[in-house]
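All remarks here apply to the structure that follows.
Just so you know, all these numbers are worked out from the coordinates, no wet-lab data involved. Keep in mind the model is a prediction, meaning the values are calculated, not measured. Every residue, glycine as well, gets a Cβ built from its backbone with ideal geometry; the counts of neighbours run over all protein chains shown.
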Amino acid sequence: MRWRRRARPHNPHTLAGAYALDAVTATDRMRFERHLARCQACASELRELTEATAGLAGAVAAEPPADLIQRIIAVSARTRQLPPHVGQERRWPVRRHLPAPGTRRVRLVTRRAVGAFAGATFVAASVVSGGVALNAERDLGVAQWRDHAIVQVFTAPDAVLLTSQVRVGGTATVVMSRRDRALVFMTAGLPALTGARCYQLWLMGPRGDRSAGLLPPPRNGMTSPVFARGLSPGDWVGLTVEPAGGAGTPSTPILMLKLAA
Amino acid sequence: MGETRDGSLEGLLNQVSRGDQAAFEAVCARTGPVVFGVVRAVVRDPFQTEEVAQEVLLEVWRAASRFESGKGSALAWVTTIAHRRAIDRVRAEQRAANRQIRAASHAIAYDDVVEAVQARLDRERVQRCLRCLTRLQRESVTLAYYGGYTFREVARLLGVPEGTVKTRMRDGLIRLRDCLGGE
């Protein structure tokens with residue numbers, strides 16, 4: 001990873017207990033998981049710690065309302081299941097798909113265009129960093145990393161721009177880089193949501209549906225860029241309306257955009 | 001059929017991953033109380049508790065094929081999903097609420113949590129094991145797990161350095177695990 005934290009010398013290893021208790025911020029969670037992927041000892045320690053948390057869960061077990069379980073079983077009958085993970089990751093196919101109807105696709109060619117776009121986004125991203133979206137983290141390192149990641153996508157040699165209408169109104173714009181397996185998502189003119197609801201971004205494809213985060217509240221009708229990575233071949237980008245705080249599984253998408261293969 | 005009734009939770013999840021509705025009912029019967037309990041402990045609000053518990057069990061249905069027995073027990077897999085979903089829910093709400101008000105009233109919040117948590121710890125075995133921990137270990141672990149606080153917040157609440165809390169959480173869990181496993 002290009003990103004290196006400054007002034008944070010402590011070892012992610014020490015986070016194992018806090019991680020097992022979910023007593024970490026999203027940032028710490030990410031950091032520990034990255035460490036976990038490379039640390040055999042952590043994985044086996046975490047296994048032990050997690051069994052202890054299962055004990056803590058058992059201590060507060062309580063009979064759920066009878067109709068709740070019936071309802072869940074009924075919903076499960078019409079809920080599609082995820083396929084298992086199958087070992088090695090597929091490579092991106094070389095074949096290029098045509099964009100879905102109603103989708104505009106532009107290759108970002110000139111250096112000037114890319115530069116201008118990147119500049120504008122950087123400003124937008126900085127606004128995000130200083131403002132609402134990341135205030136929970138209060139972590140400049142992360143903010144800087146995100147700004148950097150967004151610019152990285154915009155300036156990638158294979159950056160592709162896709163725009164599409166959103167079913168409920170407004171436009172969504174995606175800039176994606178196959179090389180970086182990452183994208184930046186922005187919207188304009190989405191209807192404001194009433195009540196405790198939010199827009200949630202998803203990557204949907206053969207690897208299953210993965211949340212790519214919540215859209216920040218719009219300013220002047222536009223939402224600041226959301227950065228998402230971990231794109232897989234065959235992924236679509238989806239946008240849904242969910243209860244505030246987001247959902248674990250997507251409801252019916254108001255936008256489905258096929259990503260350039 | 002007999003396998004469904006008597007099978008381990010691991011075996012049941014395996015059947016669920018192939019779309020076996022009866023196996024899923026068995027999984028719900030077995031894990032429903034612990035899922036509901038842990039979500040309620042963290043989320044508190046009855047309506048939201050049901051909502052999150054439903055999300056959790058549906059996630060178990062959807063993702064049963066992703067359960068890897070090499071990475072831990074089936075029960076731990078389910079409770080981990082439940083706890084994380086519950087935490088995500090309260091954190092999202094917290095972000096929306098005013099964090100400053102929260103910070104100002106942390107002393108009250110702490111008493112509140114400890115009292116509520118103690119009242120709910122009705123399972124004697126875990127309670128006995130929790131008593132084997134040092135006070136700081138116990139408070140760090142219970143505030144994080146049932147109270148939904150991050151280790152930084154726990155450090156603030158207890159007035160100890162963050163590094164200390166991280167260590168106490170880890171040591172506390174190890175001791176808890178040894179105690180639970182040894183009985």
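What is the order of A:MET176, A:MET256, fewest Cβ neighbours within 10 Å to most?
Values: A:MET176 25, A:MET256 16.
Ordered by Cβ neighbours within 10 Å, fewest first: A:MET256, A:MET176.
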Handout entry: Principal axis dimensions, largest first and in whole angstrom, of the stretch A:12-55 by Cα
Key = 26, 23, 13
Exercise for the section: Within a 10 angstrom radius of each residue's Cβ in B:19-28, how many Cβ atoms of other chains show up on average? Whole number is fine. Expected result: 3
Practice task
Based on the mean of other Cβ atoms within 10 Å per residue, sort peptides B:144-156, A:221-233 so the most packed one is first.
Solution key: B:144-156, A:221-233
Completion exercise
At q = 0.33 Å⁻¹, the log10 of I(q)/I(0) for the stretch B:57-96 from a Debye sum over equal Cα scatterers comes to -1.09
Handout entry: Span from the the stretch A:17-65 Cα centroid across to the the stretch A:189-261 one, whole angstrom
Key = 27 Å
Completion exercise
The simple spin-label model distance between A:GLN165 and A:ALA66, using points 7 Å out along Cα→Cβ, in nm, is 5.1 nm
Practice task
Order these peptides, A:37-49, A:163-175, by their mean beta-carbon neighbour count within 10 angstrom, highest first.
Solution key: A:163-175, A:37-49
